[in-house]
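Novice: A single structure is presented below for examination.
The values are calculated or read from the model by the stated rules, or taken from the named source; none is laboratory data. Keep in mind it's a predicted model, so treat the numbers as computed, not measured. Note that each Cβ is placed from the backbone with ideal geometry, even for glycine, and that neighbours are counted across all protein chains shown. Only protein heavy atoms, including side chains, enter the accessible area calculation; ligands, DNA and RNA are left aside. Shrake-Rupley method; radii C 1.70, N 1.55, O 1.52, S 1.80 Å.
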Amino acid sequence: MTSTGVLVGKHFYQGDEACAEGAIAAGCRFFGGYPITPSTEIAERLARRFPEVGGVFIQMEDEMGSMAAILGASAAGARAMTATSGPGFSLMMENIGLAVMMELPCVVVNVQRGSPSTGLPTLPGQSDVMQARWGTHGDFALAAFSPWSPQEMFDLTVHAFNVADRYRVPVLLMADEVVGHMVERVVVPPEDQIPKWERKRPDPKRKDSFKPFLAEDPDLVPPLAHAGEGYRVHFTGLTHDEQGYPEMDAEIHHRLVTRLVEKISHNAEKIVRTEDHFMEDARIVVIAYGSTARSARRAVKDARREGVPVGFLRLVSLWPFPIKQFREIADQVDAFIVAEMNLGQMALEVERHVRRPVTGVYHAGGAMMPPDRILEAIREVANRGDTHRR
Amino acid sequence: MATPIVVDSHPLDAILRADRIPHIWCPGCGIGIAMRCYAQAILDSGIPLDNHVVVSGIGCSGRVAGYMKIDSYHTTHGRAIPFAIGLKLANPNLAITVFSGDGDLAAIGGNHLIHAARRNVDISVICVNNFNYGMTGGQLGPTTPFGARTSTTPYGSPEFPFNFPYLLAASGANFVARWTTIHVRHLKRDILYMFGKPGFSFVEVLAPCPVGFGKLNYIAEGLDEMLLYKERCVIADGIPLDELGIDLRADQPIYVGRFVDRDLPPYKPVRLEDIK
């Protein structure tokens, strides 16, 4: 273990454990959470590891409290995180909105299970991906990532903290039960190879004239002053002006909400991640994310062995949606197939951005998607070339 | 005719956001008095102003955060206490005060209140109790006395209210007091005391809300309620906690004072070096 507690080297980690280690490597030192299957191992590992590295672990009374506590810690300067699953994610929506409005960086991990309601606590799902985008009330933008392996549970947790700090936004790690409980090799790189994007901080020489919500830079992100630094800031969930003071004014409201959305959409290229394979000759493209992407990759390989010109595009980030990547490939291919463990959520977004037929391979959740179902869809689309929906 | 006196400064200018005045509160409201006591306690505390942080939830009392010229966080309804816990644990040097109302802290935030007291987290809570939801126009709150009329209990409340000192004492708070807006010296003294008191400390401040609560309950003016406090309040530090229920309408005493002052160990995050 290094002086900062990062366990550099090769490990055999469960996805949830890798997420916890990613948080430590990213410099996260505050966790407030409430036990919920299948995310609990993240809390359990941090409860054991944080006392070793000087982090604060607190088990809160519920998920509303967990979310509020990590925002308080973030306001005091800490990198802060919570972890949950569907039912807890619903309860966190309230203060995810507060994080958006106060522009307080934080990371929320949702290890998705079968939903709605209590659903399938121990079995996987991917049906919270639209809730991630639209769950809290109002217009807003945030970032969400979908890991497909324990290694990515580590890597994307680090990236999530970087995006959260750099753009002052809540970032969601939308894992699923398969990835959370899967055990695989995870390589923890040396600390100097762990990327670190810093929070933009105010200039202490301009303390007296500092406006905590004035975004002077083209990236639309204002510098963040922490509690106790003497800036005497006011943060509110109410619509506020650049000083942070409440304003009941349509023009100020429009300007604020537009900036909150555009600071993500204008910086999307730096946030978004996708991965593609076999795209050189592809006429059909299979889209998938999380554990379903593992099934999709297998199905694509099998179809290519049969001679079908099919490619594979994995959504590493869900939100902001990789619009640019889709527009680039949409003109070169004939059809898209979207495989996901829900009844067609990200497929709606794909349909919005491509003028090509989109075929869905859906399952409501409870088991990992079998590759054969995706393979079958590839064959059908290849043979019929139509917009048949499954 | 008297000549108006024009002042260009106020003794609390150092600590109030003068550019936010006038405040939103109604004539006769007691919240300003409680804020005044909090502000004076901050100035008297000897703790650097930059180390004081106020956190509030939603409602009339929650607006205090917007008027204090210190780091201030006006959070979501009921969540001031867990937000404050995050601030305190991430930076233990901060003097964190939660300033909010009875509905915010005891109804929607009730679970956070009792658990923060149970953990004995080192924060101070100033709870203005005006017996109703004032900002939304005078509805039933968790503190509305049995039988009292509000806009959602037009025939009188069929519910029994919380007894804050009893609740907080049972939950594990280190310090619990109750004063009213006529007890400004006691109130300021105890807020100051809470700053130095390790663990969870709580002061309930009974305050008039003539527009939201009083007008339907024959306490039409703020002054009427102040006179009621003057006539009926009894300082009773050692009284059994279960006798601290309040019924403004009944001709019985309103007990105020310090009810809990103990030294249970405050919450401390686990550190490996403390265990070994």
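Novice: Within the bounds of segment B:198-214, is there any residue that is out of contact with any Phe, Trp or Tyr (no Cβ under 9 Å at 6 or more places or on another chain), open to solvent by 10 Å² or more (accessible area, probe 1.4 Å) and closer than 30 Å to B:Asn93 by Cβ?
Specialist: yes
Novice: Return only the number of the condition from (1) surrounded by fewer than 24 Cβ atoms within 10 Å (Cβ to Cβ); (2) of a type in the set (Lys, Arg); (3) within 18 Å of the chain's Cα centre (by Cα) that B:Arg149 does not satisfy.
Specialist: (3)
Novice: In segment A:86-177, which helices (runs of 4 or more DSSP H) lie fully inside it and hold 2 or more residues that are touching a Ser or Thr at 6+ places or on another chain (Cβ under 7 Å) and buried (at least 20 other Cβ atoms within 10 Å of the Cβ)? Steps first, answer last, please.
Specialist: Values: elements: A:86-102, A:129-134, A:150-167.
Filter on segment A:86-177 gives A:86-102.
Novice: Let me ask something else about it. May I ask you to verify whether A:Arg206 is open to solvent by 10 Å² or more (accessible area, probe 1.4 Å) and out of contact with any helix residue (DSSP H, G or I) (no Cβ under 9 Å at 6 or more places or on another chain)? Outline the logic, then answer.
Specialist: Working: open to solvent by 10 Å² or more (accessible area, probe 1.4 Å): yes; out of contact with any helix residue (DSSP H, G or I) (no Cβ under 9 Å at 6 or more places or on another chain): yes.
Yes.
Novice: Considering only residues of segment B:220-276 that are within 14 Å of another protein chain (Cβ to nearest Cβ) and part of a loop (DSSP other than H, G, I, E, B), which is surrounded by the most Cβ atoms within 10 Å (Cβ to Cβ)? Outline the logic, then answer.
Specialist: First, the residues of segment B:220-276 that are within 14 Å of another protein chain (Cβ to nearest Cβ): B:266-276.
Still in the list and also part of a loop (DSSP other than H, G, I, E, B): B:266-271, B:276.
Working: B:Pro266: 15, B:Tyr267: 19, B:Lys268: 14, B:Pro269: 16, B:Val270: 14, B:Arg271: 14, B:Lys276: 5.
This residue is B:Tyr267.
Novice: Only one of A:Lys301, A:Lys263 is surrounded by fewer than 18 Cβ atoms within 10 Å (Cβ to Cβ) and outside any strand (DSSP E or B). Can you tell me which?
Specialist: Numbers: A:Lys263 fails: surrounded by fewer than 18 Cβ atoms within 10 Å (Cβ to Cβ).
After ruling out the rest, the residue left standing is A:Lys301.
Novice: Going through segment B:17-43 one residue at a time, which ones are assigned to a loop (DSSP other than H, G, I, E, B) and in contact (Cβ under 8 Å) with a residue 24 or more places away in the chain? If you could, list the steps in order and put the result at the bottom.
Specialist: So in segment B:17-43, the residues assigned to a loop (DSSP other than H, G, I, E, B) come out as B:17, B:21-30.
Answer for segment B:17-43, where residues must be assigned to a loop (DSSP other than H, G, I, E, B) and in contact (Cβ under 8 Å) with a residue 24 or more places away in the chain: B:Arg17, B:Ile21, B:His23, B:Ile24, B:Trp25, B:Cys26, B:Pro27, B:Gly28, B:Cys29, B:Gly30.
Novice: Could you please give the count of residues in segment A:275-324 that are under 22 Å from A:Pro370 (Cα atoms) and among the acidic types (Asp, Glu)?
Specialist: Here the count works out to 4.
Novice: Got a number for residues in segment B:136-146 being buried (at least 20 other Cβ atoms within 10 Å of the Cβ) and more than 23 Å from B:Leu244 (Cβ to Cβ)?
Specialist: Result for segment B:136-146: 1.
Novice: Just checking, how many residues over segment A:70-85 are part of a strand (DSSP E or B) and either within 11 Å of chain B (Cβ to nearest Cβ) or free of Cβ contacts under 8 Å to residues at least 24 places away in the same chain (or both)? Walk me through how you get there before you give the answer.
Specialist: Of segment A:70-85, the ones part of a strand (DSSP E or B) are A:80-84.
Keeping just the survivors that are either within 11 Å of chain B (Cβ to nearest Cβ) or free of Cβ contacts under 8 Å to residues at least 24 places away in the same chain (or both) gives A:80, A:82.
Summing the residues that are part of a strand (DSSP E or B) and either within 11 Å of chain B (Cβ to nearest Cβ) or free of Cβ contacts under 8 Å to residues at least 24 places away in the same chain (or both) in segment A:70-85 gives 2.
Novice: Now for a different question. Conditions: (1) outside any loop (DSSP other than H, G, I, E, B); (2) crowded, with 21+ Cβ neighbours inside 10 Å. B:Ala170 meets all but one. Number of the miss?
Specialist: With respect to (1) outside any loop (DSSP other than H, G, I, E, B); (2) crowded, with 21+ Cβ neighbours inside 10 Å, B:Ala170 is out only on (2).
Novice: Looking only at segment B:145-154, filter to residues that are among the polar types (S, T, N, Q) and in contact (Cβ under 8 Å) with a residue 60 or more places away in the chain; which one of those is nearest to B:Cys209 (Cα to Cα)?
Specialist: Narrowing segment B:145-154 to residues among the polar types (S, T, N, Q): B:150-153.
Pick out the ones that are also in contact (Cβ under 8 Å) with a residue 60 or more places away in the chain and you get B:150-151.
Numbers: B:Thr150: 12, B:Ser151: 14 Å.
So, considering only residues that are among the polar types (S, T, N, Q) and in contact (Cβ under 8 Å) with a residue 60 or more places away in the chain, the one nearest to B:Cys209 (Cα to Cα) is B:Thr150.
Novice: Among the residues of segment A:318-331, which ones are surrounded by fewer than 22 Cβ atoms within 10 Å (Cβ to Cβ) and touching a residue at least 12 places away in the same chain (Cβ under 8 Å)? Break it down into steps so the answer makes sense when it comes.
Specialist: Initial filter on segment A:318-331 (surrounded by fewer than 22 Cβ atoms within 10 Å (Cβ to Cβ)): A:320-321, A:323-331.
Once the filter is applied, which keeps residues that are surrounded by fewer than 22 Cβ atoms within 10 Å (Cβ to Cβ) and touching a residue at least 12 places away in the same chain (Cβ under 8 Å), segment A:318-331 yields A:Pro320, A:Phe321, A:Ile323, A:Lys324, A:Gln325, A:Phe326, A:Arg327, A:Ile329, A:Ala330.
Let's see how each residue does on (1) within 14 Å of another protein chain (Cβ to nearest Cβ); (2) farther than 28 Å from A:Met174 by Cβ:
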{"position": "A:Glu191", "(1), (2)": "no, no"}
{"position": "A:Pro204", "(1), (2)": "yes, yes"}
{"position": "A:Phe210", "(1), (2)": "yes, yes"}
{"position": "A:Val233", "(1), (2)": "yes, yes"}
{"position": "A:Glu242", "(1), (2)": "yes, yes"}
{"position": "A:Tyr245", "(1), (2)": "yes, yes"}
{"position": "A:Arg255", "(1), (2)": "no, yes"}
{"position": "A:Glu262", "(1), (2)": "no, no"}
{"position": "A:Ala268", "(1), (2)": "no, no"}
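Novice: Within segment B:152-165, can you find the residues that are open to solvent by 90 Å² or more (accessible area, probe 1.4 Å) and over 14 Å from B:Gly110 (Cβ atoms)?
Specialist: Result: B:Tyr155, B:Pro158, B:Phe160.
Novice: Here are A:Ser39, A:Ser74: which of them is more than 30 Å from A:Gly230 (Cα to Cα) and among the hydroxyl-bearing types (Ser, Thr, Tyr)? Steps first, please.
Specialist: On the way: A:Ser74 fails: more than 30 Å from A:Gly230 (Cα to Cα).
The match here is A:Ser39.
Novice: Something else now. Please find, within segment B:22-43, the residue that is farthest from the other protein chains (Cβ to nearest Cβ) out of those that are open to solvent by less than 10 Å² (accessible area, probe 1.4 Å) and of a type in the set (Gly, Ala, Ser).
Specialist: The extreme case among them is B:Gly30.
Novice: When only residues in segment B:176-196 that are of a type in the set (D, E, K, R) and touching an Asp or Glu at 6+ places or on another chain (Cβ under 8 Å) count, which is least open to solvent (accessible area, probe 1.4 Å)? Spell out how you get there, then give the answer.
Specialist: Of all residues in segment B:176-196, those of a type in the set (D, E, K, R) come to B:178, B:185, B:188-190.
Keeping just the survivors that are touching an Asp or Glu at 6+ places or on another chain (Cβ under 8 Å) gives B:178, B:188.
Values: B:Arg178: 2, B:Lys188: 56 Å².
The selected residue is B:Arg178.
Novice: Can you run down the residue pairs with Cβ atoms below 6 Å, 6 or more apart or on separate chains, where the first is in segment A:31-56 and at negative phi and in the same structural domain as A:Val107 (by TED's automatic domain parsing) and the partner is open to solvent by 10 Å² or more (accessible area, probe 1.4 Å) and among the β-branched types (Val, Ile, Thr)?
Specialist: Pairs that qualify, where the first residue is at negative phi and in the same structural domain as A:Val107 (by TED's automatic domain parsing) and the partner is open to solvent by 10 Å² or more (accessible area, probe 1.4 Å) and among the β-branched types (Val, Ile, Thr), are A:Thr37/A:Thr122; A:Pro51/B:Val270.
Novice: Where residues in segment A:48-69 are open to solvent by 20 Å² or more (accessible area, probe 1.4 Å) and more than 8 Å from every other protein chain (Cβ to nearest Cβ), which of them is nearest to the chain's Cα centre (by Cα)?
Specialist: The selected residue is A:Gln59.
Novice: In segment A:210-226, what count of residues is obtained for those that are of a type in the set (A, V, I, L, M, F, W, C) and either open to solvent by less than 10 Å² (accessible area, probe 1.4 Å) or not assigned by TED's automatic domain parsing to the domain that holds A:Glu242 (or both)?
Specialist: Going through segment A:210-226, the residues of a type in the set (A, V, I, L, M, F, W, C) turn out to be A:210, A:213-215, A:220-221, A:224-225.
In the following step, the residues that additionally are either open to solvent by less than 10 Å² (accessible area, probe 1.4 Å) or not assigned by TED's automatic domain parsing to the domain that holds A:Glu242 (or both) were identified as A:213, A:221, A:224-225.
The total comes to 4.
Novice: Mind listing whichever residues of segment B:1-21 are within 14 Å of another protein chain (Cβ to nearest Cβ) and surrounded by fewer than 11 Cβ atoms within 10 Å (Cβ to Cβ)?
Specialist: Matches in segment B:1-21: B:Asp19, B:Ile21.
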